[in-house]
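> Below are the structure tokens for one structure; questions will follow.
Values quoted throughout were computed directly from the atomic coordinates according to the rules given, and no laboratory measurement underlies them. Just so you know, these numbers come straight off a predicted model, no measurement behind them. Ideal geometry is used to build each Cβ from the backbone, glycine not excepted, and the neighbour counts take in all protein chains shown.
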Amino acid sequence: MKKGILIKYGELTTKKGNRKFFIQMLQQRIKQVLEPISYTMQKDLSRMILILSLEDLPFALSKLNTVFGIHEFDVTTILEPTKEAICEEVVKLSKSLSFTTFKVQVKRSDKTFPISSMDFAKELGGLILKNTEGKKVDVRNPELLLSVEIRSHQAYVYTNSYQGLGGYPIGVQGTGLLMLSGGIDSPVAGYLAQKRGIKLEAVYFEALPYTSKEAREKVIQLARILAKYQKEVKLHIVPFTKIQEEIYKNGKKEYTITIMRRMMYRIMESLCKKQHVKCFITGESIGQVASQTLASLEVINQVTSLPIIRPVSCLDKLEIMEIARKIGTYETSILPYEDCCTIFVPRHPIIHPVLEECFQIEKKLSYESLLEEAVENTFVLKIQEEKEDKFHDFL
């Protein structure tokens, strides 16, 4: 009898011919996060099991909680797949736990096991009632859900289940560049892109002296939070001051944000090509501000042929804020340090820009050389994940 963590893949099991690749990527990420400890890994196309010491269990659970591609993970006892061994463990476990109502569920993957799943669940429930006092079966809302899985080579008995992050392992979709401002939306967009298997690099447009060093530190902290899902995030810091000043001096005030976003998109495309990246990601939510109306997005999109991923495009602000709180970016995002998207906002920004008007404005701007200069002077910070020492929440 051994202790382990049973990992269930969830969505990865729908990948058919590509399933092995997805599981291999998940295995690599798990190895990365569990590097400090010793364990044994067993895996097949539907399950993964980690066998490790009890003292390493809290650390492993906390780290698995940062791995995309896991649907559920369970602290389990690993047994010989025999009726006697399972019955003995179920009785022992039920005596050690505090509960009043319970339910037993059995999944019998090995059809050579001599008892059906339903009949064995009833038998195990009877054993719990016989060997404990004051317990009741409740199949709808039990205090204790005791699960048994029977496979050909071993059986698992567990009660402690943790919901995984779901999605795909980081990297299965390649890399994307995230436009990371200091606001609420873009870190959430980054997190949701990671959940779909996109490894992130981030881009921050900085307009010193109009933006502050504190604003940069704020973005670094947001990148650090996102880094816990992939160990490190490269943060590209783009000097954007000259471009903003050029737009503000020579453009139409109501078009300031529209032209600024078009310039940003041009820079994003250049950086993507330079880094051999497949797409870029934004925190735009349809209709939330003037530059995010459908008319504005159509005009802004015109400057690039790359795919633009907008994970929060159809979420309202309250939904985005809820995710931000969940992933721990909200308190940092609301710190009062302005980014370059807020410092030159006109009183009445246009919500239905005309593409031809943008062409006419941009003809007056000497932007080509400024864009080249901004890309050339972009520098990169490697942001490491924040180290955490508290694992008691997962016991």
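> What is the diffusion coefficient of the range 175-384 in µm²/s, taking the Kirkwood radius over Cα pairs and the Stokes-Einstein relation at 4 °C with a viscosity of 1.567 mPa s?
76 µm²/s
> Any idea what the dipole of the chain comes to, in debye rounded to 20, about its Cα centre with Lys/Arg Cβ at +1 and Asp/Glu Cβ at -1? Don't skip to the answer; put the middle values down first.
On the way: 55 positive and 48 negative charges, 203 e Å.
For this selection, approximately 980 debye.
> While we're looking at this one, here's another question. Straight-line reach from Lys382: which aspartates and glutamates fall under 12 Å, measuring Cα to Cα and dropping same-chain residues less than 8 apart?
Glu201, Glu232
> Between Lys130 and Lys249, what length comes free when the chain is fully extended (0.36 nm per residue of separation minus the Cα-Cα distance, one decimal in nm)? Working shown, then result.
Numbers: separation 119, 0.36 × 119 = 42.84 nm, distance 8.35 nm.
Result: 34.5 nm gained on full extension.
> For Lys122, Lys364, what ranking results if the residue with the fewest other Cβ atoms within 10 Å of its Cβ goes first?
Sorted ascending by nearby Cβ count, the order is Lys364, Lys122.
> Let me ask something else about it. Calculate the length of the line joining the C-alpha centroid of the range 88-133 to that of the range 7-64, in whole Å.
With the range 88-133 and the range 7-64 each reduced to a Cα centre, they are spaced 27 Å.
> Would you calculate, for the chain, the mean residue ellipticity at 222 nm contributed by helices, counting each DSSP H stretch of 4 or more residues as -39,500 (n - 2.57) and dividing by all residues, to the nearest 500?
-11500 deg cm²/dmol
> Can you sort Leu93, Leu54 from fewest to most other Cβ atoms within 10 Å of each residue's own Cβ?
With the sparsest Cβ surroundings first, the list reads Leu54, Leu93.
> Mind checking which of Thr256, Thr101, Thr13 has the largest fluctuation in a GNM of the chain, springs on alpha carbons under 10 Å?
Largest GNM mean-square fluctuation: Thr101.
> Then there's this: Using 0.36 nm per residue, how much length does the chain from Ser38 to Lys15 gain when fully extended, once their Cα-Cα distance is taken away?
5.3 nm
> For the Cα atoms of the chain, what angle does the longest principal axis make with the long axis of helix 317-327, in degrees from 0 to 90, nearest 10?
Approximately 60 degrees, to the nearest ten.
> Sticking with this structure for a sec: Quick one: which residues, 5+ away or cross-chain, put their amide H under 5 Å from the amide H of Cys279? H built at 1.01 Å from N.
The list, which skips near neighbours in sequence, is Leu177.
> For the range 2-163, what number results from the quotient of the Cα radius of gyration and 2.2 N^0.38 Å?
That ratio works out to 1.08.
> Just need log10 I(q)/I(0) for the chain at q = 0.07, 0.10, 0.14 Å⁻¹, Debye formula, equal scatterers on the alpha-carbon atoms, no solvent, rounded to two decimals.
Taken in order of the listed q values, log10 I(q)/I(0) reads -0.44, -0.74, -1.14.
> With angles folded into 0 to 90 degrees, how steeply does helix 213-227 sit against the dominant principal axis of the chain? Use alpha carbons for both and round to 10.
The angle comes out near 30 degrees.
> I would also like to ask the following. Using a Gaussian network model of the chain with C-alpha springs under 10 Å, which one of Ser369, Ser147, Ser96 is most mobile by mean-square fluctuation?
Ser96
> To continue, here is another question. Can you compute the FRET efficiency between Phe379 and Gln24 using 1/(1 + (r/R0)^6), with r the Cβ-Cβ distance and R0 = 22 Å? Round to the nearest 0.05.
0.05
> Could I ask something else about it? For a label point 7 angstrom out from the Cα of Val139 toward its Cβ, which stretches of the range 90-109 have the backbone nitrogen within less than 11 Å?
Once the point is set 7 Å along Cα→Cβ of Val139, 104 turn out to lie under 11 Å by backbone N, inside the range 90-109.
> In degrees, nearest 10, range 0 to 90: what is the angle between the Cα axis of helix 117-131 and the longest Cα principal axis of the chain?
Its long axis makes an angle of about 70 degrees.
> Once you have the alpha carbon radius of gyration of the range 192-251, what is it after dividing by 2.2 N^0.38 Å, with N set to its residue count?
Against the compact-globule rule of thumb, the ratio is 1.37.
> With a 10 Å Cβ neighbour count serving as the proxy for reagent exposure, in which order, fewest first, do Tyr158, Tyr337 appear?
Tyr337, Tyr158
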